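Participant: Encoded as structure tokens, here's the structure I'll be asking about.
The values are calculated or read from the model by the stated rules, or taken from the named source; none is laboratory data. Since the structure is predicted, the reported quantities are computational estimates derived from the model, not experimental observations. FYI the Cβ positions are ideal-geometry reconstructions off the backbone, even for glycines, and counts take in every protein chain you see.
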Amino acid sequence: MEYELCDLTAYDLRYMLSKKEISAEDLLDSVIARIEEVEGRSGLFDYIPNAAQEAEDQSKVHAYIAPILVEKAHEQAKIVDKYLAQNEDLGPLAGIPLAIKDIFCVRDSLTTAASYILHDYKGCYDATAAARLREQATVIIGKTNLDEFVLGSSTESSAYKPVTRNPWDLSRVPGGSSGGSAAAVAAGEAIIALGSDTAGSVRQPAAFCGVVGLKPTYGRVSRWGLIAMASSLDCVGPITKSVRDCALVLQAIAGRDEYDWTAADKAVPDYLSLLNDDVVAGVCNGLRIGWPTEYFEDPDLIDPQDGKQILDALNQVKQVYIDLGAEIIEISLPHTIYAIPVYFVISRVELATNLHRYDGVKYGHRSARITHKLFEMYEYTRTEGFGEQPKQRIFMGMHASSARNFNEFYDRAGKLQILIRQDFEKAFEKVDVIMSSTTPTTAFPLGGIYGDTVQMQNADRLTVPANLAEIPAISLPCGFDGDGLPIGLQLIGPAFREDLILQVAYSYERETDWHKNRPMEHLRREIRTRDI
Amino acid sequence: MGIPERLRSALVISEQHLAELQEWAQIASKDDKEDEYLRIQLTNQLAQMVAKILDDSLDTALADIKPTTYGADLRPWQAPLREDEVKPWPDVDTLLQSAPHLQDRYFVVPVRGTRAP
């Protein structure tokens, strides 16, 4: 296929910008043209389409939750061009168009968390990750759609419709909760994006949309300004078109932050220089890669029938690594089967606590119903403001943390979390990294499982163990299924070894072409068909 | 081996218990249809998810694990806890602009007839 500027990687574009082969405005124009071609209208709370609008909506991606920030983006691009013309070094991401999941506070921009309860809330400050990317002179294009308060794996629970669609097949979900960010990057509506990952919300949509997504070690990136879901598990991560782009973004956002004491006081390696071709050439020679038998043999984790094409793709990945000199070693992660139930309890208890701050007093929605009773005002506000997913998770969190259940639910889940973490610690005594697929299936149809909260939660069963163990994991493209849907490879490393999983991921990427595929040919065909 | 008898009732959300949770959460019942959906989903979640960690076959494995207060142990790489000191925010007026109801730079809330939580 013929690439346009918006289809290229940040790594290649930064070279073209520095050599003045293109300007930041040229690049922005390309991205905006792509948005005009494929995006469609952005999110509405009172979404009641007529038949014609519905047909139109079904033919577009809808990655962004609100109209893109065209004027501000042009202003930023012009400033970048001005400095580049004076040969100023603005950093490796200068002029690169960036999309930000609408769970991050961004100064003077609506920050809704895809919930009606924050429908009119404007960020008063930049989240640290957004601020650090702004300091790098990226061009912020807009905020992307997500599941309401990140509660879901398909982006369907957003209060703002039309729903985001998968650019590889518009009848499929983009994954979630960072579905808008992954769809935007895949479709060339942004070059890089920020997401958040509490149970797989960066990696699963990256896998479904055929792009790269990284969940760093808990504490590698500050959570300041990230609207909290489960505070002990939430991680900020990049979604990009290549592993090197992922390194560029991580480099910019990682490190200590005085506003978040859980952000690690630990030096940040030069990730990009570690991906130098000469350095990476020998990385896999003698590398020990763990092959967790449960992930490949337990039908509760990957169904041998539904997941056959994924398992086949993983076997091909295995061969690539063997050819590069790696050793594949079978390992066991016996408590993995408890990861979803453990996550289920811990995340809901923390979520119920975090969502109590939405009471209609300091910010966000307040019910217009007249009352002279404070607690009635809270009740009216929260009933109107929250959708079904936050409500049921708040109820479960309160049930699990109530005095009569706390010891048997939350306390026990916390102990099991330690066993899951110990599984990984033991595994990393024998191997350097662990490989699996990112997801048990490829992207499922819109409406396919939405509403069934147990099935939806199970979509995260291969990603959530890394969150509970607080260790880094990356997803990158490793093939397509028979329906042309991307398959994701997951690589998991020990705490703070983002450098290693990036190197191992890049070693694979260098040997294959999966990451070079773009959905545009397919997307344009689908748009034409639906227009007819 | 299985779920201890004393815990079985905690794995079902009755209409009465849903009403209790709604009161605790300060989220009212919207309509019967939503209540039914929530009750069924919550009960399914308890039966298919939470029940797995209550199984008494895990008791031995968990016996020597000390409970933690923060999901996992506090992490050695964290920055030391800073002093809990109040620092003024540089732009209070911008923060206040987000409030749904404000008077003379104070949040306004209903006060009369407030019931106990």
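Participant: Just a yes or no: is a residue in the range A:289-297 crowded, with 17+ Cβ neighbours inside 10 Å, touching a residue at least 12 places away in the same chain (Cβ under 8 Å) and polar (S, T, N, Q)?
Facilitator: The answer is no; no qualifying residue exists.
Participant: Just name the residue that is nearest to A:Glu4 (Cα to Cα) out of those in the range A:475-519 that are touching an Asp or Glu at 6+ places or on another chain (Cβ under 7 Å) and not in a loop (DSSP other than H, G, I, E, B).
Facilitator: Looking at the filtered set, the residue picked out is A:His515.
Participant: While we're looking at this one, here's another question. Taking the criterion of being buried (at least 24 other Cβ atoms within 10 Å of the Cβ), aromatic (Phe, Trp, Tyr), over 12 Å from the mean Cα position of the chain (by Cα) and under 14 Å from A:Ser196 (Cβ atoms), would at least one residue in the range A:224-241 satisfy it?
Facilitator: The answer is no; no qualifying residue exists.
Participant: Looking only at the range A:261-283, how many residues end up being within 25 Å of the chain's Cα centre (by Cα), part of a loop (DSSP other than H, G, I, E, B) and of a type in the set (Gly, Ala, Ser)?
Facilitator: Going through the range A:261-283 one residue at a time, the tally reaches 2.
Participant: Those residues that are part of a loop (DSSP other than H, G, I, E, B), at pLDDT 95 or above and of a type in the set (Gly, Ala, Ser), I need them from the range A:203-221; list them, please.
Facilitator: Answer for the range A:203-221, where residues must be part of a loop (DSSP other than H, G, I, E, B), at pLDDT 95 or above and of a type in the set (Gly, Ala, Ser): just A:Gly210.
Participant: Mind checking which residues of the range A:49-77 are more than 24 Å from the chain's Cα centre (by Cα), assigned to a helix (DSSP H, G or I) and surrounded by fewer than 15 Cβ atoms within 10 Å (Cβ to Cβ)? Write out each step before concluding.
Facilitator: Within the range A:49-77, the subset more than 24 Å from the chain's Cα centre (by Cα) is A:49-56, A:71-72, A:74-77.
If we keep only those that are assigned to a helix (DSSP H, G or I) as well, we get A:51-56, A:71-72, A:74-77.
Within the range A:49-77, A:Ala51, A:Ala52, A:Gln53, A:Glu54, A:Ala55, A:Glu71, A:Glu75 meet the criteria.
Participant: Test each condition in (1) facing another protein chain (nearest Cβ under 7 Å); (2) more than 15 Å from A:Asn405 (Cα to Cα); (3) touching a helix residue (DSSP H, G or I) at 6+ places or on another chain (Cβ under 6 Å); (4) modelled with pLDDT under 95 for B:Leu7 and report the one that comes out false.
Facilitator: Failing condition for B:Leu7: (2).
Participant: Take A:Gly123 and tell me if it is within 14 Å of another protein chain (Cβ to nearest Cβ) and at pLDDT below 95.
Facilitator: Yes, satisfied.
Participant: Which residue out of A:Asp423, A:Asp411 is acidic (Asp, Glu) and more than 10 Å from every other protein chain (Cβ to nearest Cβ)?
Facilitator: Being acidic (Asp, Glu) and more than 10 Å from every other protein chain (Cβ to nearest Cβ) holds for just one of A:Asp423, A:Asp411, which is A:Asp423.
Participant: In addition: Give the residue, chosen from A:Gly307, A:Gly290, that is modelled with pLDDT under 95 and over 26 Å from A:Lys101 (Cα atoms).
Facilitator: Of the residues listed, the single one that is modelled with pLDDT under 95 and over 26 Å from A:Lys101 (Cα atoms) is A:Gly307.
Participant: Would a scan of the range A:315-327 turn up a residue that is among the acidic types (Asp, Glu), free of Cβ contacts under 8 Å to residues at least 60 places away in the same chain and within 9 Å of chain B (Cβ to nearest Cβ)?
Facilitator: No, there is no match, as no residue in the range A:315-327 is among the acidic types (Asp, Glu), free of Cβ contacts under 8 Å to residues at least 60 places away in the same chain and within 9 Å of chain B (Cβ to nearest Cβ).
Participant: Can you find even one residue in the range A:367-386 that is of a type in the set (Asp, Glu), within 30 Å of A:Ile289 (Cα to Cα) and surrounded by fewer than 23 Cβ atoms within 10 Å (Cβ to Cβ)?
Facilitator: Start the filter on the range A:367-386 by keeping residues that are of a type in the set (Asp, Glu), which leaves A:376, A:379, A:384.
Next, from what is left, pick out any that are within 30 Å of A:Ile289 (Cα to Cα): none.
Within the range A:367-386, none of the residues are of a type in the set (Asp, Glu), within 30 Å of A:Ile289 (Cα to Cα) and surrounded by fewer than 23 Cβ atoms within 10 Å (Cβ to Cβ).
Participant: Give me the pairs: first residue in the range A:23-46 and at positive phi and at pLDDT 95 or above, second residue in a helix (DSSP H, G or I) and of a type in the set (D, E, K, R), beta-carbon distance under 9 Å, and six or more apart or on different chains, which are they?
Facilitator: Every condition considered, the pairs that remain are A:Gly40/A:Glu56; A:Gly40/A:Asp57.
Participant: Among the residues that make up the range A:251-265, is at least one of them in contact (Cβ under 8 Å) with a residue 60 or more places away in the chain, farther than 30 Å from A:Thr128 by Cβ and not hydroxyl-bearing (Ser, Thr, Tyr)?
Facilitator: No, the range A:251-265 contains no residue that is in contact (Cβ under 8 Å) with a residue 60 or more places away in the chain, farther than 30 Å from A:Thr128 by Cβ and not hydroxyl-bearing (Ser, Thr, Tyr).
Participant: Then there's this: If I ask for residues that are without any contact (Cβ under 8 Å) to a residue 12 or more places away in the chain and surrounded by fewer than 20 Cβ atoms within 10 Å (Cβ to Cβ), which ones from the range B:42-52 would you list? First the steps, then the outcome.
Facilitator: Pass one, the range B:42-52, residues without any contact (Cβ under 8 Å) to a residue 12 or more places away in the chain: B:44-45, B:48-49, B:52.
Selection gives B:Asn44, B:Gln48, B:Lys52.
Participant: Let me ask another. Could you go through the range A:96-104 and let me know if any residue there is part of a strand (DSSP E or B), among the basic types (Lys, Arg) and closer than 28 Å to A:Leu523 by Cα.
Facilitator: Among the residues of the range A:96-104, at least one is part of a strand (DSSP E or B), among the basic types (Lys, Arg) and closer than 28 Å to A:Leu523 by Cα, which makes the answer yes.
Participant: For the range A:347-378, which residues satisfy the criterion of being under 30 Å from A:Asn467 (Cβ atoms), among the small types (Gly, Ala, Ser) and facing chain B (nearest Cβ under 9 Å)? Even if it seems obvious, please write down each step before you answer.
Facilitator: If we filter the range A:347-378 for residues that are under 30 Å from A:Asn467 (Cβ atoms), which is where we start, we get A:347-359, A:362-365.
Add one more test, that the residue is among the small types (Gly, Ala, Ser), and what stays is A:347, A:352, A:364.
Within the range A:347-378, A:Ala352, A:Gly364 meet the criteria.
Participant: Related question: For the range A:335-429, list the helices (runs of 4 or more DSSP H) that sit wholly inside it and hold at least 3 residues that are under 25 Å from A:Pro494 (Cα atoms); which are they?
Facilitator: A:339-354
Participant: Could you give me the residue pairs with C-beta distances under 8 Å whose first residue belongs to the range B:23-41 and is assigned to a helix (DSSP H, G or I), whose second residue is of a type in the set (Phe, Trp, Tyr) wherever it lies, and which are 6+ apart or on separate chains?
Facilitator: B:Ala25/A:Phe395; B:Leu38/A:Phe395
Participant: Something else about it: Which members of the range A:380-405 meet the condition of being more than 7 Å from chain B (Cβ to nearest Cβ) and under 17 Å from A:Ala230 (Cα atoms)?
Facilitator: Residues satisfying the conditions are A:Gln389, A:Pro390, A:Arg393, A:Gly397, A:Ala400, A:Ser401.
Participant: Could I ask something else about it? Name every residue in the range B:38-60 that is facing another protein chain (nearest Cβ under 9 Å) and touching an Asp or Glu at 6+ places or on another chain (Cβ under 7 Å), in order of residue number.
Facilitator: Residue satisfying the conditions is B:Leu54 alone.
Participant: Let me ask you something else. Which one is nearest to B:Thr60 (Cα to Cα), of the residues in the range A:407-429 that are buried (at least 19 other Cβ atoms within 10 Å of the Cβ) and touching a His at 6+ places or on another chain (Cβ under 7 Å)?
Facilitator: Once the filter is applied, the top-ranked residue is A:Leu416.
Participant: Hey, another quick one. So if I check each of A:Gly188, A:Gly200, which one is part of a loop (DSSP other than H, G, I, E, B), in contact with a Cys (Cβ under 7 Å, 6 or more places away or on another chain) and in contact (Cβ under 8 Å) with a residue 12 or more places away in the chain?
Facilitator: Exactly one residue qualifies, and that residue is A:Gly188.
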